[in-house]
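Chemist: So that we are looking at the same thing, I have put the structure below in structure tokens.
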Amino acid sequence: MKEAKEYDFSDIKEGIRLHLNESPFSPPEFVINAVVKYLSQGNRYQHPDLTRRMKELAAEYNKVEPDEIFPTPGGDGAIRSVFLNLTLTGDKVVLNYPSYSMYSVYSSFKGLKEKRVPLKEGQDWWKEDWENILTEARDARIVAIDDPNNPTGSPMLKGDEGKVRELVESTKGIVLIDEAYFEFSKYTVSKLVSRYPNLVVVRTLSKAFSLASFRIGYLIANKDLVKILEKGSTPFDISLPALIAGITALENPSYALRVADEISRNREELYQGLTRLGVKVYKSITNFLLFKHNEDLLEPLMRRGIAIRNPIKGFYRVSIGTKDQCKLFLEKLGEILEDSN
Ligand code: PMP
């Protein structure tokens, strides 16, 4: 346990936050109002009816059944439940490399054997090594795929049901498809969960719904698996404010689609801007862009009040902010690149 990896918070400071793929917007006012109203009625644990309501709304949003929804404290809560509650020490986990860092954090905490399958770098997109994943999946306990992938921003299975079926049928383990960026990518494999007891889809309201601070998300899975996961948590894992925020947001999903549209437009402009600066940047269907650079950018950007991330050596990931934030980032990056020439 002592040797377990930790989430790396070292590059997180104050300033313009373009390092954690949050929404640049505050939680919507209608959500805050609903939360304040509910809290002013007293200090209490959440009622099971609220969890039920959250399940119904998430089911409606995804055209699945309420019993196939497990509300969680953020997408991370869903990932944590699967990695910690459904494995035994020594089990094998198959991951793309690079992919979302928390898979490795939980996997090392639980003493799981991690098999990394490197993504293949292309001109515009990164691609999974499908044959290798299928081979490694055979004796895996978990195969975790973030789709779209973080940090590359590339699509992986693209909601291809044939591919997902091939994968879930090739293993007795859990296939976890992390669709944290679904509102941006707009494709999903969620409707397959009723047929496949070993398929889990992870979702979050942290991104397009602008609720990262509340910690609310959910998992979509076969109802038998949802029941097992529910037994491994308390009904109070999600705070009351988070639950009210999640319910109110899912009652008004058009908000998230508007945010996703706006951020996607800003992303395309930022992509063009980076290209104009001569930076090698990859295409993305998420709220972030990955680009290549060999020298340190974290420190000079931080000095100029902007935080971005360096997820792998020689590559930087920048979250898409407001139009003004993107403009400022390009300006500051331009200055830095000019100084180093
Ligand atoms: N999955 C992926 C791929 C992510 O990038 C993130 C956040 N960066 C999450 C899950 C978890 O986000 P949260 O816990 O805020 O829902």
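The values are calculated or read from the model by the stated rules, or taken from the named source; none is laboratory data. Everything numeric here is computed off the predicted structure, so don't read it as measured data. Don't worry about glycine lacking a Cβ; one is built from the backbone with ideal geometry, like all the others, and counts go over all protein chains shown.
Chemist: Within the stretch 56-86, can you find the residues that are outside any helix (DSSP H, G or I) and either more than 16 Å from the ligand (Cβ to nearest atom) or outside the structural domain of Ser190 (by TED's automatic domain parsing) (or both)?
Modeler: Lys63, Val64, Glu65, Leu86
Chemist: I'd like the full set of residues that are of a type in the set (S, T, N, Q), away from the ligand (no atom under 11 Å from the Cβ) and either part of a loop (DSSP other than H, G, I, E, B) or on the phi > 0 side of the Ramachandran plot (or both), limited to the stretch 87-105.
Modeler: Passing the criteria: Thr87, Thr89.
Chemist: In addition: Of all the residues that make up the stretch 134-173, how many are touching a helix residue (DSSP H, G or I) at 6+ places or on another chain (Cβ under 9 Å) and farther than 29 Å from Phe315 by Cβ?
Modeler: Final tally of qualifying residues: 7.
Chemist: Quick one: count up the residues across the stretch 230-261 that are within 16 Å of the ligand (Cβ to nearest atom) and either in a helix (DSSP H, G or I) or under 19 Å from the mean Cα position of the chain (by Cα) (or both). If you could, list the steps in order and put the result at the bottom.
Modeler: The first filter runs over the stretch 230-261 and keeps only residues within 16 Å of the ligand (Cβ to nearest atom), leaving 233, 237-239, 241-243, 245-246, 249-250, 256, 259-260.
Now narrow it down to the ones that are either in a helix (DSSP H, G or I) or under 19 Å from the mean Cα position of the chain (by Cα) (or both): 238, 241-243, 245-246, 249-250, 256, 259-260.
Residues that pass the stated criteria total 11.
Chemist: Can you tell me how many residues in the stretch 107-146 are touching a Gly at 6+ places or on another chain (Cβ under 8 Å) and surrounded by 15 or more Cβ atoms within 10 Å (Cβ to Cβ)?
Modeler: 6
Chemist: Right, here's the next one. Output the number of the condition that Ser206 fails; it satisfies all remaining conditions of (1) surrounded by fewer than 24 Cβ atoms within 10 Å (Cβ to Cβ); (2) more than 8 Å from the ligand (Cβ to nearest atom).
Modeler: Status for Ser206: all satisfied but (2).
Chemist: Sticking with this structure for a sec: Assuming His19 fulfils every condition listed in (1) within 16 Å of the ligand (Cβ to nearest atom); (2) farther than 19 Å from Leu176 by Cα; (3) touching a helix residue (DSSP H, G or I) at 6+ places or on another chain (Cβ under 8 Å) apart from one, which condition is it?
Modeler: Every condition holds for His19 apart from (3).
Chemist: Right, something else. Got at least one residue in the stretch 310-326 being of a type in the set (Gly, Ala, Ser), outside any helix (DSSP H, G or I) and over 19 Å from the mean Cα position of the chain (by Cα)?
Modeler: For the stretch 310-326, residues of a type in the set (Gly, Ala, Ser), outside any helix (DSSP H, G or I) and over 19 Å from the mean Cα position of the chain (by Cα): present.
Chemist: Of the residues Pro98, Pro48, which single one is assigned by TED's automatic domain parsing to the domain that holds Lys127, modelled with pLDDT under 95, under 27 Å from Ile174 (Cβ atoms) and out of contact with any Lys or Arg (no Cβ under 7 Å at 6 or more places or on another chain)?
Modeler: Result of the check over Pro98, Pro48: Pro48.
Chemist: Which one is nearest to Asn198 (Cα to Cα) among residues in the stretch 112-128 that are outside any strand (DSSP E or B) and touching a residue at least 24 places away in the same chain (Cβ under 8 Å)?
Modeler: Applying the filter and picking the extreme gives Leu112.
Chemist: Condition first: within 13 Å of the chain's Cα centre (by Cα) and either among the β-branched types (Val, Ile, Thr) or near the ligand (Cβ under 9 Å from one of its atoms) (or both). Now tell me which residues in the stretch 184-203 satisfy that. Walk me through it before giving the result.
Modeler: Of the residues in the stretch 184-203, the ones within 13 Å of the chain's Cα centre (by Cα) are 184-185, 201-203.
Across the stretch 184-203, the qualifying residues are Val201, Val202, Arg203.
Chemist: OK, next. Which pairs have Cβ atoms under 8 Å, sit 6 or more apart or on different chains, and link a residue in the stretch 301-320 that is assigned by TED's automatic domain parsing to the domain that holds Arg267 and aliphatic (A, V, I, L, M) to one that is assigned to a strand (DSSP E or B) and surrounded by fewer than 16 Cβ atoms within 10 Å (Cβ to Cβ)?
Modeler: none
Chemist: Anything in the stretch 153-169 that is polar (S, T, N, Q) and within 11 Å of the ligand (Cβ to nearest atom)? List them, or say none.
Modeler: none
Chemist: While we're on this one: Yes or no: Glu65 within 17 Å of Arg203 (Cα to Cα) and free of Cβ contacts under 8 Å to residues at least 40 places away in the same chain?
Modeler: No.
Residue-by-condition table, conditions (1) under 25 Å from Ala208 (Cβ atoms); (2) crowded, with 21+ Cβ neighbours inside 10 Å; (3) under 20 Å from the mean Cα position of the chain (by Cα); (4) touching a residue at least 12 places away in the same chain (Cβ under 8 Å):
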position: Glu29; (1), (2), (3), (4): yes, no, no, no
position: Ser40; (1), (2), (3), (4): no, no, no, no
position: Gln46; (1), (2), (3), (4): yes, no, no, yes
position: Tyr61; (1), (2), (3), (4): yes, no, yes, yes
position: Pro73; (1), (2), (3), (4): yes, no, yes, yes
position: Ala78; (1), (2), (3), (4): yes, yes, yes, yes
position: Phe83; (1), (2), (3), (4): yes, yes, yes, yes
position: Thr87; (1), (2), (3), (4): no, no, no, yes
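Chemist: Step by step: first the residues of the stretch 209-222, then only those that are more than 10 Å from the ligand (Cβ to nearest atom) and surrounded by fewer than 24 Cβ atoms within 10 Å (Cβ to Cβ), then the one that is nearest to the chain's Cα centre (by Cα). Which residue is that?
Modeler: Ser210
Chemist: Can you name the number of the only condition in (1) in a strand (DSSP E or B); (2) more than 15 Å from the ligand (Cβ to nearest atom) that Glu269 fails?
Modeler: (1)
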